[in-house]
Every structure is written in C-alpha cells, then in structure tokens.
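Data block below; observations after.
The values are calculated or read from the model by the stated rules, or taken from the named source; none is laboratory data. Everything numeric here is computed off the predicted structure, so don't read it as measured data. Counting neighbours? That spans all protein chains shown, and the Cβs are built from the backbone with ideal geometry, glycine included.
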There are 2 protein chains.
Amino acid sequence: MTELKNDRYIRALLKQQVDKTPVWMMRQAGRYLPEYKATRAQAGDFMSLCRNADLACEVTLQPLRRFDLDAAILFSDILTVPDAMGLGLYFAEGEGPKFTRPISCKKDVDNLIMPDPEGELQYVMNAVRTIRRELKGEVPLIGFSGSPWTLATYMVEGGSSKAFTKIKKMAFADPKILHALLDKLADSVIDYLNAQIAAGAQSVMVFDTWGGVLSPRDYKDFSLQYMAKIVDGLLRTYDGKKIPVTLFTKNGGQWLESIADTGCDAIGLDWTIDMASAKARVGSRVALQGNMDPSMLYASPERIREEVATILQSFGKGTGHVFNLGHGIHLDVPPENAKVFIDAVHELSAPYHL
Amino acid sequence: MTELKNDRYIRALLKQQVDKTPVWMMRQAGRYLPEYKATRAQAGDFMSLCRNADLACEVTLQPLRRFDLDAAILFSDILTVPDAMGLGLYFAEGEGPKFTRPISCKKDVDNLIMPDPEGELQYVMNAVRTIRRELKGEVPLIGFSGSPWTLATYMVEGGSSKAFTKIKKMAFADPKILHALLDKLADSVIDYLNAQIAAGAQSVMVFDTWGGVLSPRDYKDFSLQYMAKIVDGLLRTYDGKKIPVTLFTKNGGQWLESIADTGCDAIGLDWTIDMASAKARVGSRVALQGNMDPSMLYASPERIREEVATILQSFGKGTGHVFNLGHGIHLDVPPENAKVFIDAVHELSAPYHL
C-alpha cells in the first residue's frame, strides 16, 4: 500500500506533532451535498447505495473534492451488523430505520447469526477496498461501527426511539438477556472492524449514539463494558502501521475518565463539554475529537470562524486534537459554510503547532 | 394559613434536619393513573383541564391519595406563559404542543404582550389557590414554570423539536432577537412565579428541559443567564416563610457549579450523574433533587428498592436531598411500582438521618 500523503489525522490521534489541526466532519458524505442526492437517486434506496461498492466509494469521495478534509470515512450505516444478524433492516419513508424481527426474548438472541464479514457483510468490505484504492493515499480512511448498546437499542425497540422503553425494561427486568445480546454484538463488531482494517481502514471509530441515555452505573454495565471489550479485541497495528481507535458516546461528557480507561486512542466529544476541561481531565491519556455544535454551520462565516478560534484556543497548544463537529452535519447546511469551517480550522490552528 | 403538617420537602431544600428523605415525582399527576384519565376525559382537552381550577386541583391531589408523597405540584403546563403572550397554543393529536403564531423576527418579539398573572393567567392562580386550600396543610405545594430558553424553543420552533434548527439559527445568526425574547420571558416568568407564590405556592421550580442541547458557553449565555435573573427576581420569603427555588436543567450535569452560582436553593438532577459526585461538587452550597432513571419503575419491586438504596447510599448521611425521578414518570408505569418506589425512599432513608 502507498504511504499517506496527508497523515495529520492519524498523527493527531497518536499525539504526534502536526503542522495544522486535522479536520473532518461526521456524516460529511450526505444529504447536504447535491451531488450526494444525485448519486443516491441513481442507487435507488439508501441500502442499495451502501451495497454498491462503486457508488458508496463515489459518495465517500464527494466531500473530499469540495473540501480540504484530512480524512475520508466509509459510507455505510451503523445497522449493517444487526441486519446481517438476521433482523431484516428496512427504511420506512420519513420514519428512519426499522427491523422486521426485533429482539424480545432469550430465544431471539440465541437465534442471531454471527455474521461473516466476508460473507453477509462482504459488501461493506468491498466498499472499504474500493474506497481505499481510489483514495490513492491522499488521506486516511476511517472505518466504523455502532456500539453494542446503540445497536441493541434499535434491535430491541425495533427502530428509533425517544424513551427507550423496551430496552430499559429489558435492562432492568431481564438484564441477562440484554447482556447475552450485547456480548454477541461485541464479538460481531470486533470481527466487523478487524475485517474493515484488513480491507484497508486506517483507523476505526465506534459510535455510541445512545449511551448518554443511561445512568453512570448502567452506562458502564451496558455500554462501556462492551466497548472496552471491542478495544481489547481490535487489531491495533496492521501492515506495520498503528490503527488508532476512537470511541464516541454522545452526551458522554461526564464519563470521559472511564472512557479513557478502556485504552482507546481518542475520545469523540459532542458540544456539551468545554474542550479545555476535557483536555484537563483526560488529555494526557487520549486524543480528543470535536467539538463544535453542528448548528453553528447555520451562522455567518465570521461567526463560524469565531467559534473555530474559540475551540482551538480552548484546546490550546500542541497535538492530540482532531477538529470535528460534535455530531453529524445537518442535512440543510449550505455546503459553502462547511468550507468556511474546514478552511478556518487549518488557517487558525497553525500557530498552535509552532 | 395553616402550618404544614409534613414539611420534610421544604426542610430538605433548606438543608434543615429531617426524619426521612422526602420524595415526590415529576409528573406525579398524570396519565399513568386511571383516575387522571377519567378526570381528563371529563374536562375534554388538556388545556380545559388546566383552565378548570376544581379539576386541576382534583388531578393534583389524586397521587397524594394513593401514595405517601411529601409534596404536591400544581397541575398545569409549561406553555401557559407563551400562550398568554399571544402565540395561540394548541395540542395536535399525537404531535405534542404547537403554536399558531411562532416567533421568527424582532417584530414578533416586540408584539408579545407581557401577561398579567391575575389577568390572562388568572386560571393558573385560581388553581394554585384552590389546591392550596384543599391540601389543608398536609404537604407543601410546588409552583413551577418553564425556563426562558425552554419556552423559547417551543415559541421559535412552533412546537416540539429534535434538532432545534430554527432557534439555533436565531441564536447564532441573530442573537439580539433571541436575547430580546429571553429577556421578556424572564420578566414574565418572574411575575408568573411570584404570583403563584402570592396565591399559595410554598416552593417553586424552573424546568429547563432543553438547556442540555447547548454548548457550555451557549448554555450560560442563552439559558442560565435568564434563570439567574429569575432567581434574583423571585420572592424568596413570603408570609414569613422561606420559599425555596429549584432549578432543573435536563442533561445539565456538567454545569452544576454554574447552576449553583445563581443562588438557587436546590438543583434538580437527571439520572446521568452520580449523586455522590454531584454532592461532592455542589452539595455544600445547594440541596439536590433526584435522580433515579424513570425507567427503573418498569423493574421488579426488588430491583426498584435496590436502586433506591444505591442512590441513598450515594448521597450518604445528612439532609439536603429530595428524592425524585430524574425526569417525569412514564405514562405506562404501573401505579403499584410508584408506590414501591415512594415507600422504599421513606423506609430506607431513615437511618441516614439519625
């Protein structure tokens, strides 16, 4: 494989010196880009786009043609794993993801198949291989998965949720069933992410979108424990290169110390925590990714630059910061505002790396 | 007015000694109780129930007949104030609250009327007076309001929201308009809560349901600043009695120190923070209310008691704790589980007050 031309993202995650703070955006390939909408229309539905390696590669590369991004991220969905386990994923128009066969008892958990990353999930690995080849070493490729807890919320609720009634009933009334599910998911995610690494992902990220709806004790028990298992099971070097792993729990700002204890390389931060305080708490142990409110991209160019400057100052001198939004970019953001944001990070961060 | 027969709730908020930890539940008058549903059906729609002092009193008292609660809370809605300001509140079936005339520009803010608590909002004061009379001094009556930021989210979005797109656009692109709105709301809330106190509320609580969707800087600027103004403007003693004030920001666990700086008597906690760590951070300055996950009421009696014991132990010895759920009780909780919870708090807390 070719050497990376731009390795700022990997270096910052490993806390090695960089010339500028690297930046990428969660959901950078997505509906705010007209070219994404065109490719999506060509593919048909959302999962057909994920299953077509050439089109998944195309949408992955689209934001890199517009913006000076320091990383590409595999275009896929967090629910590919539960789908491959046999739950029947579908997208109801305007309602988000749904499963035809949600989990409600021990037998449902026992019946789950352990998906073969080069079998049921080979379409994802094909996308990784295609994207890695087409990137031609310009920037690193990030692989990803949902966290076991976050995947389990969809699998038990049968889709998106607000109050997480069913999974919390299971957590508090039948914790053994839920632990069996989470353990199977952790094993599947380890296989899935290691296969992505073997296929070409140069860093991986675990998205724990819903860990923040738990109490501190329940977070450790039902979410963090299984992310720690994943961190332990991952290939941390491949082909002679370190493979940094980032854990991101939305609304997890109160638990940074525990997240760092897993041995991950970096923690993703949403925007509800001050970067300086996060750095003071865990910055000696891990790199930090984040943390601008995605809604700031609705503001004027001046206001966006001001916010970037504030967050850079909050992190201060030195490496160990990957700039990002605190969550996915909103679908109605003007693409030119994303460019203002990305350029501002590079321009304004240089003095912090002298 | 008669002396309170049970003043545990007030004493705990003022950090005076108690025999047992007081307990009440957010939304304790509500749809999980069949008798509530019957009264609601009698009233017609939700706002008709709020506007009828006798029926609002009836539903306020219903949970006190079933459970050994240490406080009653006025039955009303947080959106009474924006409604009285002229926005036209209505409830679309299955969609939550909506406004016919949401706020989108400076002129909309200028046109808002400052509601007279004994005029447009007299129906609320009538409910307070009726409930206070019918309580006959058994337990204290809590008055409440939404926080300016939380009220503004509904007023600008036109109803409930997930991404808070419109109000964040306003916050980041036109902050002066939003500050003008928040300032008017703070003044209205001060009048509204002081009128509730004059009508008989013995403690007041400000619900900041949506402050947690902001960054730390934006939280201080757009939410906390206006709650601090309210704390400053409230009657803190009335009729010779102290009137404790509680601030509750959902997902505000990272900002407890700043919340305590407002000079409030107590902070409401959701379930994402450990009670011991909250006490260590701000327990010398304020009382703490919370913080069991409302979903724990789906569990077995044994598991509910175990969770109550854990939270009591986490707070430890001494006063300054009002037990509560970390958010409103879910509408599908069996009432008998609420009884297990309330009784467990009283039974298991006694040794901590010896």
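Quick rundown of the values:
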| read-out | value |
| --- | --- |
| Subset tally (residues that are crowded, with 19+ Cβ neighbours inside 10 Å, small (Gly, Ala, Ser) and more than 16 Å from the chain's Cα centre (by Cα)) for region B:229-259 | 1 |
| Those helices (runs of 4 or more DSSP H) lying entirely in region B:169-273 with at least 2 residues farther than 27 Å from A:GLY211 by Cβ and within 14 Å of chain A (Cβ to nearest Cβ) | B:175-199 |
| Filter result for B:GLY94 (in a loop (DSSP other than H, G, I, E, B), surrounded by fewer than 22 Cβ atoms within 10 Å (Cβ to Cβ) and either β-branched (Val, Ile, Thr) or without any contact (Cβ under 8 Å) to a residue 12 or more places away in the chain (or both)) | yes |
| A:GLY137 touching a Ser or Thr at 6+ places or on another chain (Cβ under 9 Å), modelled with pLDDT of 95 or more and closer than 15 Å to A:GLN202 by Cβ | yes |
| Any chance A:PHE341 is within 20 Å of the chain's Cα centre (by Cα) and in a helix (DSSP H, G or I) | yes |
| Which numbered condition A:THR209 fails, given (1) of a type outside the set (Gly, Ala, Ser); (2) surrounded by fewer than 18 Cβ atoms within 10 Å (Cβ to Cβ); (3) in contact (Cβ under 8 Å) with a residue 60 or more places away in the chain | (2) |
| Options A:ALA198, A:ALA173, A:ALA163; residue that is modelled with pLDDT under 95 and out of contact with any helix residue (DSSP H, G or I) (no Cβ under 7 Å at 6 or more places or on another chain) | A:ALA163 |
| When residues of region A:53-62 are limited to those that are surrounded by 15 or more Cβ atoms within 10 Å (Cβ to Cβ) and in contact (Cβ under 8 Å) with a residue 24 or more places away in the chain, the one farthest from A:VAL128 (Cα to Cα) | A:GLN62 |
| Which listed residue, of A:VAL308, A:VAL340, A:VAL345, is buried (at least 24 other Cβ atoms within 10 Å of the Cβ), within 14 Å of chain B (Cβ to nearest Cβ) and farther than 24 Å from A:VAL189 by Cβ | A:VAL308 |
| Some residue of region A:285-302 being assigned to a loop (DSSP other than H, G, I, E, B), closer than 22 Å to A:ASP7 by Cα and not β-branched (Val, Ile, Thr) | yes |
| Count - residues of region A:63-79 that are assigned to a helix (DSSP H, G or I) and out of contact with any Gly (no Cβ under 9 Å at 6 or more places or on another chain) | 3 |
| Residue within region A:175-182 that is closer than 24 Å to A:VAL322 by Cβ, out of contact with any Lys or Arg (no Cβ under 6 Å at 6 or more places or on another chain) and surrounded by 18 or more Cβ atoms within 10 Å (Cβ to Cβ) present | no |
| When residues of region A:327-336 are limited to those that are of a type outside the set (Asp, Glu) and surrounded by fewer than 19 Cβ atoms within 10 Å (Cβ to Cβ), the one nearest to A:VAL23 (Cα to Cα) | A:GLY328 |
| Residue satisfying all of: in region B:99-157; hydroxyl-bearing (Ser, Thr, Tyr) and part of a loop (DSSP other than H, G, I, E, B); farthest from B:ILE267 (Cα to Cα) among these | B:THR100 |
| Members of region B:144-163 found to be surrounded by fewer than 20 Cβ atoms within 10 Å (Cβ to Cβ) and within 14 Å of chain A (Cβ to nearest Cβ), listed by number | B:SER160, B:SER161, B:LYS162, B:ALA163 |
| Enumeration of residues in region B:92-109 that are farther than 13 Å from B:VAL156 by Cβ and touching a helix residue (DSSP H, G or I) at 6+ places or on another chain (Cβ under 8 Å) | B:PRO97, B:THR100 |
| Residue match in region A:312-319 (condition: within 22 Å of A:LEU33 (Cβ to Cβ), in contact with a helix residue (DSSP H, G or I) (Cβ under 6 Å, 6 or more places away or on another chain) and either touching a residue at least 40 places away in the same chain (Cβ under 8 Å) or assigned to a helix (DSSP H, G or I) (or both)) | no |
| Whichever residue in region B:25-51 is closer than 16 Å to B:TYR123 by Cβ and in contact (Cβ under 8 Å) with a residue 60 or more places away in the chain and, among such residues, is surrounded by the most Cβ atoms within 10 Å (Cβ to Cβ) | B:CYS50 |
| Region A:127-182: number of residues that are hydroxyl-bearing (Ser, Thr, Tyr) and within 16 Å of A:ASP108 (Cα to Cα) | 2 |
| Some residue of region B:102-111 being buried (at least 17 other Cβ atoms within 10 Å of the Cβ) and either touching a strand residue (DSSP E or B) at 6+ places or on another chain (Cβ under 9 Å) or among the basic types (Lys, Arg) (or both) | yes |
| Hey, B:THR272 in contact (Cβ under 8 Å) with a residue 40 or more places away in the chain and either in contact with a Pro (Cβ under 9 Å, 6 or more places away or on another chain) or of a type in the set (Ser, Thr, Tyr) (or both) or not | yes |
| Selected residue (criterion: farthest from the other protein chains (Cβ to nearest Cβ)) from residues of region B:274-305 that are surrounded by 23 or more Cβ atoms within 10 Å (Cβ to Cβ) and of a type in the set (S, T, N, Q) | B:GLN289 |
| Selected residue (only one of B:LEU74, B:LEU69 is under 20 Å from the mean Cα position of the chain (by Cα) and closer than 20 Å to B:THR209 by Cα) | B:LEU74 |
| Looking only at region B:141-169, and only at residues there that are touching a residue at least 24 places away in the same chain (Cβ under 8 Å) and of a type in the set (A, V, I, L, M), the one that is nearest to B:LYS5 (Cα to Cα) | B:LEU141 |
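Rundown of residues vs (1) closer than 27 Å to A:SER147 by Cα; (2) in contact (Cβ under 8 Å) with a residue 24 or more places away in the chain, yes/no style:
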{"residue": "A:ILE259", "(1), (2)": "yes, yes"}
{"residue": "A:ASP265", "(1), (2)": "yes, yes"}
{"residue": "A:GLY268", "(1), (2)": "yes, yes"}
{"residue": "A:ALA280", "(1), (2)": "yes, no"}
{"residue": "A:HIS346", "(1), (2)": "no, yes"}
